[in-house]
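Only the coordinates and a few stated rules stand behind these numbers; no lab work does. Note that this is a predicted model, so its numbers are computed, not measured. In this analysis, Cβ positions are derived from the backbone assuming ideal geometry, glycine residues included, and neighbour counts consider all displayed protein chains.
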Amino acid sequence: MSLLRRWFDPIRSSWFYQKPSRQAVLPIEQGLSIHLRLDDVYSYLAVQELPQLEEILSDALKPLKVIISSGSAEPPNQMSALEWQNYCLNDAQILSKQHRFSFHDTPEQPTPEALAQAETILRHTPLRGQDFLYLLEDVFHMLWQKQYGKLRTLYAMASRHHQEQHFPERIFNQDAILASYFEFGGRQYHAVDDLLRLTRRLKQQKLLTGNPIFLINHIEWREHLINDAEALNEIQRMDPELDLYIALEDPISWLLLAYIQEELANYYNIHLNVYPLSYQGRDLFDWSLATRLSKRTEVAFTPFCRPTQDATYQMARLFYSVPEEQRMQAIHRILQAVWTQGKDLSFKAHFEQLRRELNIVELSSADIEQYLKDNDMLCEMKSQPNLPVLELRIDGQSYVFNSLYRVWMIESIFSNVLEEKYKSENEAENDILQHEKRES
């Protein structure tokens, strides 16, 4: 690592961290817009919130601008189109269950014919404002709930009785978008995952006239979904296990690992396993996002020295040189040294200092590169679009998810497992009672 980066990164990161985490005011001249695709399942979830959002927007942001694109961006993380589609459908189903969105039990991509009919309906309707948003929601329901008969009827009426409309707040284009997102003040917000962040911003700038209640079962950082002692003991007895596949140069890996260790692992008796990956080139990260996450999770972050490829290799050498039963403590200390003390582990003095602290007498002679490649392969087999990748095992079931946006799933899964367990036990008791009644 260059001397400039080794010395300048910690200074720069400390300075950046002390800045206010939010820009005081974002410009409102461009208003608030949402970008949608009719064949994007996240757009389907997002439109279910739009009438309510429009209702509480201040006049300065009305009307909400709706931009409907027919272009699709390339799937992330080298996923195939089919892998990405299956992931999105499964993920949207999880989101719909957690936050009570309307959703089909067995979702399928809408047919090309249905998509064309839906676009014609939306292009031709003279409805505006909230009336248009309600129609938009209805059309998405028809597409994703397989209500093709209703869609054909509406299409026939729209194509026969109305000409194509041209309103400034309703735009159709072919921009390539991956998934639905809001745009405000020159910033993009994922339509579902960043909805709370967006509404907090709008509320801060006094651009909402009411309280935004959208993701009703959102689990905040440092808050637990399960507080009942009996239920908690039930989860702990199940010995849940969590695998984390992390990029060592990614600060999100440090923030989430530390949060899970400090807040969830002991509380739920989760056994953690960490699988470091080969260098992923994730050191050009969003500093403001990492800073906000640090403050929300209350996990220390800064001064740091962003690891280079050589530094991540040295971090992996230290990790694989400690006994297996000590590796969780070791990876926490290694990442802590990098992300809160500005250590550059490609620098011999820093490396040797941490080696002594970890009580490593002799460095592992194993092929570290091969370990990392094996971890890469295991991670790739999970077919996830982002890092870190997490796999939770409990009660004979395995659940795979990814990124900081899905950490809440750990507690949600625990809650669902308990619900199913109690349901099964109640059904068994009822069966016994019914049998005893018949016998008597």
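Explain nothing, just the number: relative contact order of the range 229-413, from Cα pairs under 8 Å at least 6 residues apart, as a whole percent.
On the way: 253 pairs, mean separation 51.4, N = 185.
Relative contact order here is 28 percent.
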- request: Hey, for a label at Glu380 modelled as a point 7 Å past Cα toward Cβ, could you say which residues of the range 223-246 have their backbone N under 20 Å away?
  value: 244-246
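Rounded to the nearest 0.05, what FRET efficiency do Gln163 and Glu220 give with R0 = 45 Å and r taken as the Cβ-Cβ distance? Could you check? Provide the component values of the computation, followed by the final result.
On the way: r = 49 Å, r/R0 = 1.08.
After rounding, the FRET efficiency stands at 0.40.
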- prompt: Which of Leu26, Leu57, Leu244 moves most in a GNM of the chain, Cα contacts under 10 Å?
  reply: Leu26
task: Tell me the GluC sites (Glu not before Pro) within the range 19-61 that lie in a loop according to DSSP and have at most 15 other beta-carbon atoms within 10 Å.
output: Glu29
field: Part-to-part distance (alpha-carbon centres) for the range 32-76 and the range 393-430, which is given in Å
entry: 31 Å
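Normalised by the residues of the chain, what does the relative contact order come to in percent, with Cα pairs under 8 Å and at least six apart?
Dividing the mean separation by the residue count of the chain yields 19 percent.
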- line: Put in order of increasing Cβ neighbours within 10 Å, starting from the fewest, Arg201, Arg123 give Arg123, Arg201
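Set the Förster radius R0 to 22 Å, insert the Cβ-Cβ distance between Lys150 and Gln85 as r into 1/(1 + (r/R0)^6), and round the FRET efficiency to 0.05.
On the way: r = 24 Å, r/R0 = 1.10.
Here the calculated transfer efficiency is 0.35.
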statement: Cross-link reach from Lys146 to aspartates and glutamates, straight Cα distance under 17 Å and at least 8 residues apart if same chain, gives Asp39, Asp40, Asp105, Glu108, Glu113, Glu119, Glu137, Asp138
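By how many nm would the segment from Thr111 to Arg12 grow when fully extended, if each residue of separation counts as 0.36 nm and the alpha-carbon distance is taken off? Each step should come with its number before you reach the end.
On the way: separation 99, 0.36 × 99 = 35.64 nm, distance 5.11 nm.
Stretched out fully, the Thr111 to Arg12 stretch lengthens by 30.5 nm.
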- prompt: Taking only the alpha carbons of the range 32-204, what extent do you get along each of the three principal axes, in Å, biggest first?
  reply: 43, 41, 29
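Calculate the dipole size of the chain relative to its Cα centre from +1 charges on Lys and Arg beta carbons and -1 charges on Asp and Glu beta carbons; express the result in debye to the nearest 20.
On the way: 45 positive and 62 negative charges, 377 e Å.
Dipole size: approximately 1820 debye.
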query: Among His99, His161, what is the fewest-to-most ranking by other Cβ atoms within 10 Å?
result: His161, His99
query: Using a Gaussian network model of the chain with C-alpha springs under 10 Å, which one of Ile213, Ile394, Ile334 is most mobile by mean-square fluctuation?
result: Ile213
message: I need the calculated FRET efficiency for the pair Ala300 and Glu325, taking r as the beta carbon distance and R₀ as 25 Å, to the nearest 0.05.
response: 0.50
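Note down the relative contact order for the range 19-150 as a percent, whole number, built from C-alpha pairs under 8 angstrom at least six residues apart. Please report the intermediate quantities before stating the final value.
Details: 107 pairs, mean separation 41.8, N = 132.
In percent, rounded to a whole number, it is 32.
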statement: When the chain is treated as a Gaussian network with springs between alpha carbons less than 10 Å apart, the largest mean-square fluctuation among His124, His218, His162 is found at His162
- line: Two pseudo-spin positions, 7 Å from Cα along C-beta at Tyr422 and at Gln353, lie apart in nanometres by 5.1 nm
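What GluC sites (Glu not before Pro) in the range 66-121 are in a loop by DSSP, with at most 14 other Cβ atoms within 10 Å of the Cβ? Each step should come with its number before you reach the end.
On the way: sites: Glu83, Glu108, Glu113, Glu119; in loops: Glu108.
Passing sites in the range 66-121 are Glu108.
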- prompt: Taking only the alpha carbons of the chain, what extent do you get along each of the three principal axes, in Å, biggest first?
  reply: 82, 79, 40
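Before rounding to the nearest 500, sum -39500 (n - 2.57) across all DSSP H runs of length at least 4 in the chain and divide by the residue total; then give [θ] at 222 nm in deg cm²/dmol. Each step should come with its number before you reach the end.
Numbers: 16 runs with 211 residues, N = 440.
After summing the helix terms and dividing by residue count, I get -15500 deg cm²/dmol.
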